[in-house]
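Novice: Got a structure for you, written out below as structure tokens; questions coming shortly.
Rule-based calculations on the coordinates, nothing more; no lab input. As the structure is a computational prediction, the values presented were derived from the model and not from experiment. Because the Cβ atoms are built from the backbone with ideal geometry, glycine has one as well, and the counts that use them run over all protein chains shown.
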Amino acid sequence: MYSADRALQIISIQYELVMNIGLDQRLENMLSSFMQRTLQRLSLSMVMLVDFNQCELTDDPQGHTEGTSYCFPQVDAAHGKWLISEAKLFYYRLAGDHYYIGKQLRHSYFLNVPQFGVLILERESTPLDEMILAALKPLLVKLSASCQACQEHQNLIKEVEARKLAETQLIEQSMIDPQSGLANRKKFNLSLLSALSSSINSKEIGAIFIFDLDRFKVINNTLGHEVGDEVINILGQRLQECMRPGDTLARIGGDEFALLVVDLSLDESIAFEKSQKIAKKLGKLISAPIKVGDNVFSISNSTGVNLFPLDVDSSLSMRQQADVIVKNADLAMNSVKQANRNGYNFYNKELQSYSQRKAQIENCLQTAIFNNEFEVYYQPLVAVDGKVLGAEALLRWSNQSLGRVGPDEFIPIAEESGLILDIGAWVLEQVCQILSSIASNEALKYISVNVSPRQFIHHNFANDLLGTLNKYGINSRQIRVEVTEGVVIDNIDLTIQKMRYLKDNGVVTMLDDFGSGYSSLSYLHQLPLQTIKIDKSFITDIEKTNRNHVIVDSIIDICEHFSLECIVEGVENCNEFEYLATKNITAYQGYYFHRPMPKYDFIALLEQ
Ligand code: C2E
Ligand code: CA
Ligand code: CA
């Protein structure tokens, strides 16, 4: 396999060599070795140098059985003879005892330069990149011109060769991920580029698989990076052992891998089925137990698959097309992640429209604060007797062209784009304003605000929050911060530090959606937490579902054990409430009591 970049670089190395040394009596040897190296490195089957002014290509008069060979009947000039004999030598070396050029003529190229003509045949079906042809031609023009001049620069040859060898080795090293020994992203991109150009020509469909280990951070954060690294190494090795020749397996990020598989089939549905099998096999290989020290892990993964060259816009350059293929596989992988399941997904048009909508939402979000498109709703939290204890601030957005967009859809986009920082600050201002306007209300103890990971880890988050409270004269006990388990697990030390700082300044932090995410209890005792909010998915039909009430009962036990307040959300009917009413729960939230409501409805409720 060669890639355009790599080939150009090799050609330029050879070019420099020839230019530096000039040509002497050993012209034949040098040309011969130059051509040999170029051939080997470019995976070309042979190069013939001929004087096109004096020869014609005809079918092999001897009629070899395996196909057609070429003869050059009219070449008789001295170096013309050499060219023919060299060409034949290459020919024999590469083709063994058989004349099978005829079979391989799918991709052949002629470059016509003064004195020399070059016939390039490629091994198998790998097409030669236009760029390589373009680069070869001036080199051959120069070579041909240099034939006249003869100089002796043997040492220089060695020097330049040694330097170039070292450079080549360095380049090769830079293509390897030092930790796992697998190819890295750079190498993967180059391989994809070359596979894509082959597959456009041969119509053989290939596939890329981009996969990410689910919740790998939990291992790193709870057991340390050495264990995490070891897991990556074992996995890398395990996967590598199952690769076919021609596959490229690369580690393209901390816990992200990519696999390139070529020549699946000419038929789209067969290629699809084969890729499906590969994705399943990947899942199995990854989830098979991994033992590191005393720990045994079973890791799931999310895989995005994209076939090529289907659906590729041919007006784009090869590199742009390769980027689109990777981007779309990423889209497919993210769709698996968002569905919160381990598994695989193929890229398709719907995902494309999803990403277009995402871009549109991000665009509209930029001006949403300025255009006054947001509104904060409040959903009361009640005690077991129904009295309002507090509320959760929930953001609502209505945009002229998009209409109403739910926070589940726009918050992750705001988070990803960083817009959440301004949006979060705006929400906090609104909450402080309402708190200052209802300061005299005794019943309402607090309003909680949702803080997304990006906001929470921002270095100024705690001080900005305290500053805003100060500006509105709000007691820090009246505000609570809701963070999800994702925040904690990603940055455990920082989270502890920040929660402690907030706690020292009177602000309670609650762990939201508890149980839905990482559910690793190992970090719980380390955190200066005061409150846990059990995820609403466990409350649904709790009185009927054995699994849910076992989970909820044990979370309540854990809270008692760690002296944490326990809140439940998503209570939708009286059956669920009746089951929960007897438990040690501080506050209840859900449609059964109140839906999220606009500011003035909430104020009116408090005044009843
Ligand atoms: P969350 O923090 O888990 O908020 C609770 C969600 O449950 C709210 O959805 C609420 O309307 C809904 N809910 C409340 N009671 C019930 C019930 O009985 N049944 C059901 N099925 N749902 C109930 P909402 O308002 O659509 O918010 C969705 C998510 O968006 C929130 O989930 C939160 O993660 C995020 N979000 C909302 N506002 C903000 C905000 O200002 N900042 C940040 N960072 N995230 C926000
Ligand atoms: Ca919440
Ligand atoms: Ca929640």
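Novice: With r defined as the distance between the Cβ atoms of T545 and L165 and R0 fixed at 56 Å, what FRET efficiency is calculated, to the nearest 0.05? The partial results should precede the final answer.
Specialist: Values: r = 68 Å, r/R0 = 1.21.
Computed FRET efficiency for T545 and L165 comes out at 0.25.
Novice: Shifting gears a bit: Using all C-alpha to C-alpha distances in the range 477-608, build P(r) with 5 Å bins and read off the rounded percent in each one.
Specialist: Spelled out per bin, shortest first, that is 2, 10, 19, 21, 18, 15, 10, 5, 1.
Novice: Once the Cβ-Cβ distance between K445 and K327 is put in as r, and R0 is 51 Å, what FRET efficiency do you end up with, to the nearest 0.05? Spell out each step's value before the answer.
Specialist: Values: r = 48 Å, r/R0 = 0.94.
It comes to 0.60.
Novice: For the residues Y501, Y523, what sequence is obtained by ranking on other C-beta atoms within 10 Å, fewest first?
Specialist: On the way: Y501 15, Y523 18.
By the 10 Å Cβ count, ascending, the order reads Y501, Y523.
Novice: Which ³J(HN,Hα) values in Hz, rounded to whole numbers, follow from the phi angles of the range 199-211 under the Karplus curve 6.51 cos²θ - 1.76 cosθ + 1.60, where θ = phi - 60° and Gly and Pro get x?
Specialist: Couplings: 6, 5, 6, 8, 6, 6, 7, x, 9, 10, 10, 10, 9 Hz.
Novice: Based on the alpha carbon coordinates of the range 205-358, what radius of gyration and maximum Cα-Cα distance (Dmax) apply, in Å?
Specialist: That works out to 16.0, 55 Å for Rg and Dmax.
Novice: Going by how many other Cβ atoms sit within 10 Å of their own, how do F562, F257, F538, F370 line up, fewest first? Before the final figure, lay out the partial values.
Specialist: Details: F562 14, F257 26, F538 22, F370 8.
With the fewest neighbours first, F562, F257, F538, F370 line up as F370, F562, F538, F257.
Novice: So which of K291/K533; K217/K599; K503/K599; K445/K583; K281/K327; K217/K387 end up more than 31 Å apart by C-alpha? Present the calculation step by step, with values, prior to reporting the outcome.
Specialist: On the way: K291/K533 34 Å; K217/K599 39 Å; K503/K599 28 Å; K445/K583 21 Å; K281/K327 23 Å; K217/K387 41 Å.
Checking Cα-Cα distances, K291/K533; K217/K599; K217/K387 exceed 31 Å.
Novice: I would also like to ask the following. Could you calculate the contour length gain from E273 to S317, that is, 0.36 nm times the residue separation minus the distance between their Cα atoms, to one decimal place in nm?
Specialist: Details: separation 44, 0.36 × 44 = 15.84 nm, distance 2.87 nm.
That works out to 13.0 nm of additional length.
Novice: So how much slack lies between E172 and N573, counting 0.36 nm per residue of separation and subtracting their Cα-Cα distance, in nm?
Specialist: Details: separation 401, 0.36 × 401 = 144.36 nm, distance 6.40 nm.
Length gained, E172 through N573: 138.0 nm.
Novice: I've got another one for you. Using the 10 angstrom Cβ neighbour count as an exposure proxy, how do S314, S448 rank, fewest first? List each step's numbers first, then the result.
Specialist: Numbers: S314 8, S448 25.
Ascending number of Cβ neighbours within 10 Å: S314, S448.
Novice: Can you tell me how much longer the chain between K281 and F562 gets when fully stretched, taken as 0.36 nm per residue apart minus their C-alpha distance, in nm with one decimal?
Specialist: Details: separation 281, 0.36 × 281 = 101.16 nm, distance 4.25 nm.
The span from K281 to F562 would gain 96.9 nm if fully extended.
Novice: Could you calculate the FRET efficiency of L266 with Q240 from 1/(1 + (r/R0)^6), where r is the beta carbon distance between them and R0 is 35 Å, rounded to 0.05? Don't jump to the answer; show the numbers that get you there.
Specialist: Details: r = 28 Å, r/R0 = 0.80.
My answer for the efficiency is 0.80.
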